[in-house]
């Protein structure tokens, strides 16, 4: 098949959506399919070989300039190449472009207006380029925030359009009014132009159908997949220190502050051994104050020697980080639809402790390998974490079951096979015409 897949770069951040889109494209290529992965906004940052195209459309600098000045909506395309270049976008990315939805309301609404928005010129660039390329059999856009592309893409290429759903509501709910309501209305108005929606979990299919007004019949779940073979599959040898780990974006919604409070309560238990709280993941400038507050609280508790932030490691560093944990927790304070790092921790044989919300229950039901606790119950979280230390046999069994379960249900090859089922069904007319 010929597949055109759009993906949205996130500047200098390792973004779960970018990692997922790149892994899927790479696996489909390995299966022999012709996949063109086109980045939007900025070049993508991945911790596996990057298979995306070098050229970036809807460049982050251009869309910002066009949003705030009518002059740049009329500049010649040749001139735009100065700030649309990979060099310029990477240079700007080093300054960590803000992705806080509270700051991006007007821009989000404008892009959702598509051909009537201030970034119409960027849409024209993309369509003009696609007209010069071999037509795909099917097109995929990375989330509903780009649903305004569906209608012009279908009109220009005459091909079906899919839309992946992988965290859209978190961004939308972060928008200020009136931009949140306007964005939801614009998305719902474009739902009909997408032929199939690909949520990354059963939970997300159920949640997003009423939220965005998508008919359930158009939902086709394509679960996440990882290259589990990159991770060791057994729990590390026990040491005299109990190591609790967190790996995710350092942002309030991911719940690091919740884990820190639970860790403090765990350390008050009389039978708690010497312990450490290891943290890794991207820290955006807009969340620096949040993290500083956590460090201040850790110092107030007298636990500063046990708390370590390891930054945002590359793939080898991530594998090493996870392999050094006794237990993993990401107590997200919202209904997480993905949980990529949860799968990676389990692939490494690490037991996980998670809140009973979002995609986590279905993930653990399929794979085992962890303990669910009531959301936002700090004592329950502390008790569950400590139980992994108290019962070594249970911890080892959880590690074995989780590692095996991920390899049984959440591999990148399974993700690609499921996506291909949907793509092949939609792209059958184009395939038949070529044969």
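No lab work stands behind these numbers, since they all come straight from the coordinates. Nothing here was measured: the structure is a model prediction, and the numbers come from that model. All Cβ positions, glycine included, derive from the backbone under ideal geometry; neighbour counts span all protein chains shown.
Side notes on the structure shown:
- Fewest-first ranking of 54, 27, 362, using other Cβ atoms within 10 Å as the exposure measure: 54, 362, 27
- Nitroxide proxy distance, nm - points 7 Å out along Cα→Cβ at residue 181 and residue 124: 3.3 nm
- Once you reduce region 110-180 and region 217-243 to the center of their Cα atoms, the two points are 32 Å from each other.
- Spacing of the two label points (7 Å from each Cα toward its C-beta) at residue 333 and residue 156, in nm: 4.1 nm
- Classification of region 366-423 by its C-alpha gyration tensor yields an oblate form. The axis ratio a/c (a ≥ b ≥ c) is 1.5 or more, and b/c is at least a/b.
- Within the listed set 391, 34, 314, the residue fluctuating most in the Gaussian network model of the chain (springs between alpha-carbon atoms under 10 angstrom) is 391.
- Stokes-Einstein diffusion for region 254-301, with the hydrodynamic radius set to the Kirkwood value over Cα pairs and evaluated at 37 °C in a medium of 0.692 mPa s, equals 275 µm²/s.
- Region 228-409 shape via C-alpha gyration tensor axes, a/c threshold 1.5: rounded
- Per-pair calculated FRET efficiency, R0 = 60 Å: residue 366 and residue 131 via Cβ, rounded to 0.05: 0.90
- Calculated FRET efficiency, residue 71 to residue 227, Cβ-Cβ distance, R0 = 56 Å: about 0.75 to the nearest 0.05.
- For residue 79 and residue 31, the difference between the fully extended length at 0.36 nm per residue and the C-alpha to C-alpha distance is 13.3 nm.
- Approximating the spin labels as points 7 Å out from Cα along Cα→Cβ, the residue 390-to-residue 253 distance works out to 3.5 nm.
- Here the Gaussian network model covers the chain, with springs between Cα atoms less than 10 Å apart; of 200, 373, 250, 373 fluctuates the most.
- The angle separating the long axis of helix 202-212 from the principal Cα axis of greatest extent in the chain is about 50 degrees.
- Once the chain from residue 237 to residue 300 is taken as fully extended at 0.36 nm per residue, the excess over their C-alpha distance is 19.5 nm.
- Spatial separation of Cα centroids for region 313-388 and region 1-50, in angstrom: 25 Å
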